[in-house]
1. Which value in nm describes the separation of the simple spin-label points at residue 80 and residue 4, placed 7 Å from the Cα toward the beta carbon?
2. Could you tell me the distance between the Cα centroids of the range 131-182 and the range 1-66, to the nearest Å?
3. In terms of modelled amide H atoms, which long-range or inter-chain residues lie less than 5 Å from the amide H of residue 203?
4. Using only DSSP helix segments of four residues or longer, with each worth -39500 (n - 2.57), what per-residue ellipticity at 222 nm results for the chain after dividing by its residue count and rounding to 500?
5. Once you keep just the Cα pairs under 8 angstrom separated by 6 or more residues, what percentage relative contact order results for the range 146-249?
6. Mind pulling the angle between the C-alpha long axis of helix 121-131 and the longest principal axis of the chain? Nearest 10 degrees, somewhere in 0 to 90.
7. Ordered by residue, what ³J(HN,Hα) values in Hz, to whole numbers, does the range 12-23 give under the Karplus form 6.51 cos²θ - 1.76 cosθ + 1.60, where θ = phi - 60° and Gly and Pro are x?
8. Please work out which option in [x] 51, 40, 33; [y] 58, 40, 34; [z] 63, 51, 29 gives Cα extents along the principal axes in Å calculated from these coordinates, and answer with its label.
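None of the figures in this text is laboratory data; all of them are computed from the coordinates on show. Computed from a predicted model, the values in this text were never measured in an experiment. Heads up, the Cβs are rebuilt from the backbone with ideal geometry, glycines too, and the neighbour counts pull from every protein chain shown.
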Amino acid sequence: MCLLDEGEFLGVIPLPGRQEQTAKFLRSRIFFSDQVTVTDASAGYSQVFVVGPQAQVILESLGIQPPPLNHLSTAEIDDQRVIVIAREIFAAVNYHLLLPPASLDFWLAALSQRDAQPLDVETFEILRVESGEPGTSAELISDYTPLEVGLQKMISGSKGCYTGQEIIARQVTYDKITKHLVGLKVDERVRVGASILVDAKSVGTVTSVAQSPRFGHIALGVVRRPHAEPGSNLVISSASGASIPARVADLPFA
């Protein structure tokens with residue numbers, strides 16, 4: 001989820017497929033004396049991600065000065081307005097564009113003319129797994145806290161009274177982060193949901209898988225802390241009951 005502070009209003013870009021759930025949650029936190037309304041503005045925006053080593057260069061070639069990380073700026077070319085958000089995507093600074101649906105074709109054509117290539121869903125998922133970025137329906141679920149899936153830098157230590165604060169504070173104060181998101185290198189494809197074993201005992205679960213052109217068969221998993229160190233040897237159970245060796249790798253994969 002991404003928050004946009006635009007002065008008089010606060011914009012919220014929810015996780016894919018979570019629009020209604022997010023709106024319902026926000027409305028449930030409005031008290032009778034609050035002068036706040038929640039409006040679904042999805043129909044007014046299209047979203048484009050510009051990612052990769054040349055992302056900044058491409059935007060600059062369009063006459064757009066990209067903002068620093070975690071900031072936004074606005075630009076206009078040929079009367080076509082765009083909001084540019086600098087976000088950490090795939091373990092690097094990349095850019096999230098918000099634009100009116102009517103101008104989507106204009107911006108896609110402009111990016112294409114500067115050799116930007118469209119990403120299909122499969123390639124996007126491979127890049128996500130390679131970078132170790134938690135996914136919407138994979139790691140960003142109620143089974144795990146943000147600390148357990150590597151989102152420490154997304155959590156403020158100074159803000160109070162937010163949902164889940166007590167759990168987060170307890171995990172930090174009493175060193176109770178007992179599970180960690182890790183990268184896994186394997187010799188063959190494994191399945192999401194497979195158990196990760198040590199001495200025939202479950203120590204975690206495979207949460208995402210990909211076949212990377214650079215790294216071969218890789219996966220993400222959430223495992224208990226004693227087995228989360230890079231280089232640790234684990235075993236993943238296959239659907240047939242066979243054991244597939246796995247080694248914990250640093251994230252992002254390298």
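1. Using points 7 Å along Cα→Cβ, the separation is 1.7 nm.
2. Cα centres, the range 131-182 to the range 1-66: 21 Å.
3. Under 5 Å from the amide H of residue 203 lie the amide H atoms of 196, 197, 198, each far enough along the sequence or on another chain.
4. Values: 5 runs with 46 residues, N = 254.
Per the formula, -5000 deg cm²/dmol.
5. On the way: 192 pairs, mean separation 28.7, N = 104.
Normalised by residue count, the contact order of the range 146-249 is 28 percent.
6. Its long axis makes an angle of about 60 degrees.
7. 10, 9, x, 5, x, x, 10, 4, 5, 4, 5, 4
8. Answer label, from the structure shown: [z].
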